[in-house]
Amino acid sequence: MDFYAPERELKRRVNERQQAGNDVSEATLAVLDHQLKTAQSLSVTELTQTILVDTCADDALNKLMANRALKEASRLLAITTTRQNQSKLRD
């Protein structure tokens, strides 16, 4: 899973948490800047197996849950198909 937001939004979130004064993380703008400068992009292979989540989208959670449900349904279908094929081979 790759959760992303524009840099401007990430900075806004860090500032908001710092101003609230109750954030237990060590996140600061300096930490965020370091993370952004040292982040490594996912490879093409990794991207084909990645769920991208835009954390700024209003329906991000719904899309994430729908994607997860679809992947789980596909997994269960593959298991069922394999078991049925194995059963046919035994008969």
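Tabulated results
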{"item": "Residue in region 54-61 that is part of a helix (DSSP H, G or I), among the hydrophobic types (A, V, I, L, M, F, W, C) and either surrounded by fewer than 11 Cβ atoms within 10 Å (Cβ to Cβ) or in contact (Cβ under 8 Å) with a residue 60 or more places away in the chain (or both) present", "result": "no"}
{"item": "Filter result (outside any helix (DSSP H, G or I) and surrounded by 11 or more Cβ atoms within 10 Å (Cβ to Cβ)) within region 23-50", "result": "Asp23, Ala27, Thr28, Leu42, Thr50"}
{"item": "Any hit, region 25-38, residues being more than 13 Å from Leu10 (Cβ to Cβ) and either in contact with a Lys or Arg (Cβ under 6 Å, 6 or more places away or on another chain) or touching a residue at least 40 places away in the same chain (Cβ under 8 Å) (or both)", "result": "no"}
{"item": "Boolean, Thr80 is surrounded by 10 or more Cβ atoms within 10 Å (Cβ to Cβ), without any contact (Cβ under 8 Å) to a residue 60 or more places away in the chain and in a helix (DSSP H, G or I)", "result": "yes"}
{"item": "Out of Leu64, Leu70, sole residue that is surrounded by 12 or more Cβ atoms within 10 Å (Cβ to Cβ), at pLDDT below 75 and not assigned by TED's automatic domain parsing to the domain that holds Ala5", "result": "Leu64"}
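The values are calculated or read from the model by the stated rules, or taken from the named source; none is laboratory data. As the structure is a prediction and not an experimental result, all values here were calculated from the model. Note that we place each Cβ from the backbone using ideal geometry, even for glycine, and neighbour counts take in every protein chain shown.
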